[in-house]
Amino acid sequence: MDRVIIAEDLSLSYSDDETIINKINFSVNSGCFVFITGASGSGKSTLLKSLYGALKPAQGSLVVGGVEISKVSKSKLNFLRRHIGIVFQDYKLIKEWTIEKNIMLPLIINGYEKNVTQNQVDSLLKHVRLKHQSGKYPLELSGGEQQRVAMARALSHNPILILADEPTGNLDDYSAGLIWNLLEGANTQLKTTVIVVTHNIPETMNIDYKHFHIEYGSIHEVN
Amino acid sequence: MKSIRNHFSLVVALVSILFSIQVFTIIERSISAYKENLASSYSIIVVSQLSIDEKTMKSFSSLVDEVSELNPDHVIQRLNTKIDPKNLELLKLTLPNFYKLKLTHFPTPTEVENLTNNLLNKKSITKVENFSHNHDSTFKLLLLFKDVIAVFSLSMFVVTILLIIKELKIWQFMHNERMSIMGLFGAPIWLSSAVLFRLAIVDAIIASILSFILFTYLSTSFWVEEQLSYIGIEIIFFDQVMDFAILSGVALFLSVLLALLIVIGHKEEV
């Protein structure tokens, strides 16, 4: 099985003074569902940022989708990101765009044709139960609804990898349930590799998954 | 409403820059036209014991445009009743030659001085009347007027540039988030900044059209025509092709520069 992520002696830091992640080694196979847990400030989100190239390794090697993050050029990084779907805890929706256009964003960037784009967005809006709100702007929606939009956006271009940073952090049970169902569906039906950073793994998970735990800058797999 | 507000501040800043540029252009044209008027009414009188032809006179300075000999007859005519005709003929013969020199442009005081000295170097020329006192005060007044307008336009330009810098910060704040989010999904810089450039270009077009309307209205206004006729000049107040092209170019250049600065100053979120 192909490995989507390979980290070797990977260290991450925001400044020279403090190392957040210290020489960790791990890999993720294609089509896996992975949870990364850890206490607040343990470096879970930092690790996730490095996976989409927002933070370059201080030391060691990190390969995502065959691309070495420490040496990647801006254009190659853009190319990699076009094949990744990211869900942020703070949603990161474009406020001046309607939710329909927000979901379209990765499709526009990937140069999909307009009719394909519209069909895909309509289908996703149905899945996230927001079809009736397609013309609204993000700030007109609740937190749960905004996160469902962010989820639909992450799925819209059928990425090879989905990275989710505490996607159900502050959500109601209904929205959280929808998010987990969508992530499970992407993994089982589309064979998308999913990496979720979270405090708690939901008890209702119906699929096999890998679990990594980060503590004191190190990572270990939990069985 | 929000969209209008987004455009409003940059459009106002651009219109004031275009306004100061056009006002400066109009003043420049007015001063040139006024100088031409002065040049046509200004002349130097030369008194020579010997006759001097036009070619020789022009050889003193390239400033000399036209040379005409003044006929002393009408002065002598006035003495006709009191002096014997024979003496009058004698007087006529002993009178020096008078020449009026028209110049190519309204000269600076130094040019007037140099020309006077060149003329007086010729032995036969006994007197040069350059009306330097009147000339100097007119010229100084022109320079003062030009300087005042230059300072006014410059200060207006500086204030507007400060306005645009403030606008730059607002735009940076407004567009940074969207550009960062688009970047996170792999958008190339041209795509993530496309909205910004579109906004800049639209604002430049709006500002150019507003300036066009404003100056077209002013150029046909009775008040402006009246003011120009008071000074006795005729100028092109607003050339609807050339001036509009220049103003549009400036507006487009400034707004695209603003957008470029935002793109260059954009930092990806970490």
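The values are calculated or read from the model by the stated rules, or taken from the named source; none is laboratory data. All values reported here derive from a predicted model rather than from experimental measurement. Neighbour counts are summed over all protein chains in view; Cβ atoms, including those assigned to glycine, are modelled from backbone coordinates with ideal geometry.
Overview of values
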{"quantity": "Unmet requirement for A:ASN119, which otherwise passes all of (1) on the phi < 0 side of the Ramachandran plot; (2) surrounded by 17 or more Cβ atoms within 10 Å (Cβ to Cβ)", "calculated": "(2)"}
{"quantity": "Residue ID - nearest to the other protein chains (Cβ to nearest Cβ), chosen from residues in the range B:212-268 that are under 30 Å from B:PHE173 (Cβ atoms) and surrounded by fewer than 14 Cβ atoms within 10 Å (Cβ to Cβ)", "calculated": "B:GLU268"}
{"quantity": "Which listed residue is of a type in the set (S, T, N, Q) and part of a helix (DSSP H, G or I), from B:THR116, B:THR126", "calculated": "B:THR116"}
{"quantity": "Which listed residue is touching a residue at least 60 places away in the same chain (Cβ under 8 Å) and within 29 Å of B:PHE24 (Cα to Cα), from B:THR126, B:THR108, B:THR104", "calculated": "B:THR104"}
{"quantity": "Wholly within the range A:1-40, strands (runs of 3 or more DSSP E) carrying at least 3 residues that are touching a Cys at 6+ places or on another chain (Cβ under 6 Å) and crowded, with 18+ Cβ neighbours inside 10 Å", "calculated": "none"}
{"quantity": "Residue that is farthest from the other protein chains (Cβ to nearest Cβ), among those in the range A:56-70 that are among the aliphatic types (A, V, I, L, M) and more than 15 Å from the chain's Cα centre (by Cα)", "calculated": "A:VAL63"}
{"quantity": "Which numbered condition B:MET182 misses (of (1) buried (at least 17 other Cβ atoms within 10 Å of the Cβ); (2) more than 21 Å from B:LEU254 (Cα to Cα); (3) in contact (Cβ under 8 Å) with a residue 60 or more places away in the chain)", "calculated": "(3)"}
{"quantity": "The range A:138-153: number of residues that are of a type in the set (A, V, I, L, M, F, W, C), assigned to a helix (DSSP H, G or I) and over 19 Å from the mean Cα position of the chain (by Cα)", "calculated": "1"}
{"quantity": "Residues of the range B:135-179 classified as at pLDDT 85 or above and buried (at least 16 other Cβ atoms within 10 Å of the Cβ), total", "calculated": "3"}
{"quantity": "Subset of the range A:71-108 (residues that are closer than 30 Å to A:SER61 by Cα, within 14 Å of another protein chain (Cβ to nearest Cβ) and more than 17 Å from the chain's Cα centre (by Cα))", "calculated": "A:VAL72, A:SER73, A:LYS74, A:SER75, A:LYS76"}
{"quantity": "Single match in B:THR108, B:THR94 (criterion: out of contact with any Cys (no Cβ under 6 Å at 6 or more places or on another chain) and under 27 Å from B:SER32 (Cα atoms))", "calculated": "B:THR108"}
{"quantity": "The one condition in (1) closer than 21 Å to A:PRO202 by Cα; (2) at the interface with chain B (Cβ under 9 Å from one of its Cβ atoms) that A:ALA39 fails to fulfil", "calculated": "(2)"}
{"quantity": "Residue in the range A:44-53 that is more than 16 Å from the chain's Cα centre (by Cα) and either more than 10 Å from chain B (Cβ to nearest Cβ) or of a type outside the set (D, E, K, R) (or both) present", "calculated": "no"}
{"quantity": "Residues of the range A:84-114 classified as out of contact with any strand residue (DSSP E or B) (no Cβ under 7 Å at 6 or more places or on another chain) and in a loop (DSSP other than H, G, I, E, B), total", "calculated": "13"}
